[in-house]
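Contents: one structure, followed by commentary.
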Amino acid sequence: MSGRIIDGKAIAAGVRADVAAAVNALPAQPTLAVVLVGDDPASHVYVASKVKTTNEVGMRSVEIRLPAETTQDDLLARVAALSADPEVDGILVQLPLPKHISEPAVLAAIDPLKDVDGLTEASAGKLVLGKPGLRPCTPVGCVILAKTERPDLAGANVVVIGRSILVGKPAALLFLEQNATVTIAHSKTRDLKMVCRGADILVAAVGRPEMVRSDWIRPGAIVIDVGTNRVPAPEKGEGKTKLVGDVHFAEAIEVAAAITPSPGGVGPMTIACLLRNTVLAACARRGWTVPTALAAG
Ligand code: GUN
């Protein structure tokens, strides 16, 4: 039996349409600033996509690309300037940063009111405390995708593999906010396969290509694959590569009730939620009412 494919592209298009309608209803266009340091090819692709979709939904974007040798002080000054700029509603500093720059120091320079990535201490604190605030985009995308299959997550056993600040930890808290019973599994977890087999909803966010195999998945589970890993693809020709998730898709779809593909699952949701956060940040900072198109979620 084959499970359903959760079409992240289509669901993200719906979120983007809501964002576009909301932008249209605002008194002025919000602006998202995206900062990219260095030449990581994947980060360049992500940032280009973030800027393009920002413009597509009718918002303005400011793109700041800096060389890999940028000093931490230079970057801190750039981020501080964006924080102080009244025209800028959202600031995203693409991670990872080059090794010589402290990510916590840079995130601390982002005005929490403009923290559309939900990664500052202020935003993380609000998430832990259950207070309203800007939530990290990829984890929000995971919850939205899971809810398309199971609208009421109360009591669901959710296992999140991975404990990163970008995905694993906030995803666990967001599922907890939905009254799920949440387990965070990681590299030190004993008998990881059996822990995963207990999941009604399995969220894989480890960055290890096709690590989750069919016997890790309870028949009928929902699988959310956050991984996007580039691997060699000799079948496509010499030197060719392809993207795969943290889950072995072909195996998993035979067991799961539903699964997100990668690419085409969580990735598009991350960007859609970023745009949504930018509108919410603009409304909160500028004292605008959140347009009805976004008010519900
Ligand atoms: N790198 C990979 N994903 C993300 C993300 O969602 N936000 C930021 N800032 N960097 C990332």
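The values are calculated or read from the model by the stated rules, or taken from the named source; none is laboratory data. Worth saying up front: this structure is predicted, and the values here are computed from it rather than measured. Backbone-built Cβ (ideal geometry, glycine too); neighbour counts: all protein chains shown. We work out accessible area using only protein heavy atoms, side chains counted, and drop any ligands, DNA or RNA first. Shrake-Rupley method; radii C 1.70, N 1.55, O 1.52, S 1.80 Å.
Side notes on the structure shown:
- Beta bridges by DSSP in the range 115-269, antiparallel share as percent, to the nearest 5: 20
- Computed over the range 1-82: relative contact order in percent, which uses C-alpha pairs under 8 Å that are six or more apart: 33
- Probing with 1.4 Å while keeping every protein chain in the model, the per residue accessible area of the chain equals 46 Å².
- Length gained when the stretch V128-S214 is fully extended (0.36 nm per residue, less Cα-Cα span): 27.7 nm
- Accessible area of E254 in the full protein assembly, 1.4 Å probe (Å², nearest 10): 100
- When the square roots of the Cα gyration tensor eigenvalues are ordered a ≥ b ≥ c, the ratio a/c for the chain is 1.5 or more and a/b exceeds b/c, which makes its shape prolate.
- Using C-alpha pairs under 8 Å with a sequence gap of at least 6, the mean separation divided by the residue count of the range 114-254 gives a relative contact order of 19 percent.
- Residue order for E251, E177 - accessible surface, 1.4 angstrom probe, largest first: E177, E251
- Cysteines of the chain lacking any other cysteine Cβ under 4.7 Å from their own Cβ: C142, C196, C283.
- Of all beta bridges that DSSP places with both ends in the chain, some 10 percent have antiparallel geometry.
- With a 1.4 Å probe rolled over the protein heavy atoms of all chains, the accessible area of F249, F175 falls in the order F249, F175, largest first.
- Folded to 0 to 90 degrees: helix 137-149 orientation relative to the chain principal axis, Cα: 50
- Shape category assigned to the range 166-297 from the gyration tensor of Cα positions, a/c cut at 1.5: oblate
- The packing ranking of peptides 151-157, 194-200, 129-135, 27-33, highest mean first, is 27-33, 194-200, 129-135, 151-157, where packing means the average number of other beta carbon atoms within 10 angstrom of each residue.
- Mean Cβ count within 10 Å, highest first, over the residues of peptides 13-19, 78-84: 13-19, 78-84
- When nucleic acids and ligands are ignored and a 1.4 Å probe is applied, T181 ends up with an accessible area of around 80 Å².
- Global form of the range 1-110, assessed from the alpha-carbon gyration tensor, a/c cut-off 1.5: oblate
- Remark: relative contact order (the chain) = 23 percent; criterion is Cα-Cα distance under 8 angstrom and separation of 6 or more residues.
- Ligands, DNA and RNA left out, the 1.4 Å accessible surface of the range 81-182 is 60% carbon and sulfur atoms.
- Percent accessible area from carbon and sulfur atoms, the range 188-253, protein chains only, probe 1.4 Å: 51
- Surface calculation, 1.4 Å probe, protein heavy atoms: H44 sits at approximately 60 Å² accessible.
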